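The values are calculated or read from the model by the stated rules, or taken from the named source; none is laboratory data. Since the model is a prediction, treat every value here as computed from it, not as a measurement. Heads up, the Cβs are rebuilt from the backbone with ideal geometry, glycines too, and the neighbour counts pull from every protein chain shown. Heads up: the accessible areas ignore ligands, DNA and RNA and are worked out on the full protein's heavy atoms, side chains in. Shrake-Rupley method; radii C 1.70, N 1.55, O 1.52, S 1.80 Å.
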Amino acid sequence: MVESTIHATQAVVTLDVPIQGIVWGSIITVNMWAKSIGTGVVFLAAFLWFRHKKEDMPNLRWVMPVIAFLALNIFLLFTLIDLHQPYRMIHIFTHPHWTSSITVGAWLASIFLVLISIMMLIGIADKFPGIPYKGCKLTAFGRKISATYEKIFPFVVFLAIPVTTYTAIIMAQSSARELWQAPTEVMQMMWAALLAGSATLSFVSSSWTQEARKDLALILAISTFFSFTMYMSEYFFSFKSSEAEAVLAFVHAGGKYSIEFWFGMVLGFIIPFFIAVGNMKSDNQTLLKFAAILALVGLFLVKDVWLKIPQMLPLS
Amino acid sequence: MKLGFLVDLNLCMGCKGCEIACKVENEVPLSTWRLRVKYIDMGTFPDASRSFTPLRCNHCESAPCERICPVSALHYLENGIVNIDSERCIGCAGCMMACPYGAIYMDPETNTADKCTYCAHRIESGMMPACVVACPVEANIFGDLEDDNSHISHYIMEHRGAVQVRKPEKHTNPTHFYVGGGNQTLNPLAHQRIEGFSLFNNITHLDHVGDAHHGILDRFLAPFVGHEKLDNTSLIESATAADSHEEKGGH
């Protein structure tokens, strides 16, 4: 349809109102990034306990729910502060609209946080009986229900899947933003969780066996590789729609989003991939932690770009 | 009953009467619009033309905004109107992300989402929407799509084959139609938005969502310590204090 291209028609807007800029900004990026850590550590714990004895990762039982608890609270805090009417968050529970993935996600994430809190209580109570003081009824209760930890863990792992992926469904329901409509978004969320989970756990893996740390490096290598591959697929196969192509022009054409995106790709995926692969042979804890920092920073940058660029496009 | 809108772009002369009538009727705050008329110039001198396109909520039968709203603040009325309950809205902006037509805005006075409701309050009283009443050339046609004898149904029948909706590929089934539109007028990617290339103002992105003076902390503290009531006068004062019209590149 060459007759209707801008080149042929020279069509230019000569009077209009200012249009919306970025509505979901870096607050939502932090939200997604923190959720990746919160659910990612659960996936990694499940994988490591499946592959190794518990004694191989002696601190994992208490440190995993603590990390997940902190990350999920950051995620929920940033969800709350992004609302223009934060006190009305309660409406999601009092007037839920079940076709909305925001509603479903909020309920799932809340249940997930409750279960993680129980696991954290048990984990800490078992490991540190004297905390916060001797005779504390809460930690005594935690020790009493110690066996519950192992019983609820399979449900927590199962629940972590929709908690990780529901953001992709929110993006799919954001039908104005063509770039987010790709079915690969769900897998991108899963890889991001595995990447963030393996990177975060590497900071607490000093007391683990070398074999367990190798598995951590393996997951980091696989997740960075597939994250990179999927983003590159999106980047090069942008002809799926004219809108997606126009959005990706913000990255293709250079500028600040292009710099942020490529920094994320190189820092977050490429460099950590090679470090992690190297670390599977030679167990260098410092290098693994360095790769983990890069991966977490890079993941944030890439998610930030992917969130913002579709909002730059005029919709009408 | 299923209410719908049709705009005959062949008749529209870009007077913006509908835009102003909407602003007044619904007390739409500055920096936000429920209805706007966009001017698009095509061709090069001397073979040039200008088109005018009124843009408002499409009241889709399969509305993505209604689907994504977590608290049913956006809901259907029995007459097909997609209405909004600002008392229930939590301000998550999900609807702004979902609407393919950019028809929803964050009201800077209430910090809740808002949009065209086809003047539901007027319709309830048996009146026409304000923009329909204000149009001097009757380019805005409003009525019951399910009534074969309504003006809008007749108009659609008469112009069969030439009736269009915006972005049909989104499968939203809008109840807002256009006659006399083309790809250049209805497709936002078929024309350029060049900064500063405008008759009366710069075409820019809004630099804030909702109330610019209502930061994250204010959102939490406002119910306890109060918040300066924002109205159009204070918006004008803050805009003129920031920088002058000339500095913004106006004429």
From A:Ile19, A:Ile37, residue being open to solvent by less than 50 Å² (accessible area, probe 1.4 Å) and touching a His at 6+ places or on another chain (Cβ under 9 Å): A:Ile19
When residues of the stretch A:87-127 are limited to those that are touching a residue at least 40 places away in the same chain (Cβ under 8 Å) and open to solvent by 60 Å² or more (accessible area, probe 1.4 Å), the one nearest to the other protein chains (Cβ to nearest Cβ): A:Ile111
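Being in a loop (DSSP other than H, G, I, E, B), small (Gly, Ala, Ser) and out of contact with any strand residue (DSSP E or B) (no Cβ under 9 Å at 6 or more places or on another chain): is that true of B:Gly91 here? Don't jump to the end; show me each part of the working.
On the way: in a loop (DSSP other than H, G, I, E, B): yes; small (Gly, Ala, Ser): yes; out of contact with any strand residue (DSSP E or B) (no Cβ under 9 Å at 6 or more places or on another chain): no.
So B:Gly91 fails the test.
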Every residue from the stretch B:181-195 that is more than 7 Å from chain A (Cβ to nearest Cβ) and open to solvent by 40 Å² or more (accessible area, probe 1.4 Å): B:Asn187, B:Glu195
Extreme residue, least open to solvent (accessible area, probe 1.4 Å), among residues of the stretch A:143-160 that are of a type in the set (A, V, I, L, M, F, W, C) and without any contact (Cβ under 8 Å) to a residue 12 or more places away in the chain: A:Ala147
Failed item, numbered, when B:Cys131 is tested on (1) in contact with a helix residue (DSSP H, G or I) (Cβ under 7 Å, 6 or more places away or on another chain); (2) without any contact (Cβ under 8 Å) to a residue 60 or more places away in the chain; (3) closer than 26 Å to B:Phe177 by Cα: (2)
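When residues of the stretch B:28-50 are filtered for being open to solvent by 10 Å² or more (accessible area, probe 1.4 Å) and either in contact with a Leu (Cβ under 6 Å, 6 or more places away or on another chain) or modelled with pLDDT of 95 or more (or both), how many remain?
The total comes to 4.
Condition check ((1) among the acidic types (Asp, Glu); (2) touching a Lys or Arg at 6+ places or on another chain (Cβ under 7 Å); (3) more than 15 Å from B:Leu9 (Cα to Cα)) across all residues:
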{"residue": "B:Glu109", "(1), (2), (3)": "yes, no, yes"}
{"residue": "B:Thr117", "(1), (2), (3)": "no, no, yes"}
{"residue": "B:Met127", "(1), (2), (3)": "no, no, yes"}
{"residue": "B:Glu138", "(1), (2), (3)": "yes, no, no"}
{"residue": "B:Ile141", "(1), (2), (3)": "no, no, no"}
{"residue": "B:Leu145", "(1), (2), (3)": "no, yes, yes"}
{"residue": "B:Asn149", "(1), (2), (3)": "no, no, yes"}
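If you go through the stretch A:76-86, how many residues are open to solvent by 40 Å² or more (accessible area, probe 1.4 Å) and either part of a helix (DSSP H, G or I) or more than 9 Å from chain B (Cβ to nearest Cβ) (or both)?
Filtering the stretch A:76-86 for residues open to solvent by 40 Å² or more (accessible area, probe 1.4 Å) gives A:76-78, A:80, A:85.
Then keep just the ones that are either part of a helix (DSSP H, G or I) or more than 9 Å from chain B (Cβ to nearest Cβ) (or both); that gives A:76-78, A:80.
Counting residues in the stretch A:76-86 that are open to solvent by 40 Å² or more (accessible area, probe 1.4 Å) and either part of a helix (DSSP H, G or I) or more than 9 Å from chain B (Cβ to nearest Cβ) (or both) gives 4.
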Whichever residue in the stretch B:99-114 is closer than 25 Å to B:Pro223 by Cβ and assigned to a loop (DSSP other than H, G, I, E, B) and, among such residues, is farthest from the other protein chains (Cβ to nearest Cβ): B:Glu109
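Can we say B:Ala73 is buried (at least 21 other Cβ atoms within 10 Å of the Cβ), touching a residue at least 40 places away in the same chain (Cβ under 8 Å) and among the aliphatic types (A, V, I, L, M)? Explain how you work it out, then say what you get.
Values: buried (at least 21 other Cβ atoms within 10 Å of the Cβ): yes; touching a residue at least 40 places away in the same chain (Cβ under 8 Å): yes; among the aliphatic types (A, V, I, L, M): yes.
Spelling it out, B:Ala73 is indeed buried (at least 21 other Cβ atoms within 10 Å of the Cβ), touching a residue at least 40 places away in the same chain (Cβ under 8 Å) and among the aliphatic types (A, V, I, L, M).
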Test result for B:Ile123, open to solvent by 20 Å² or more (accessible area, probe 1.4 Å), within 19 Å of B:Lys23 (Cα to Cα) and at pLDDT 95 or above: yes
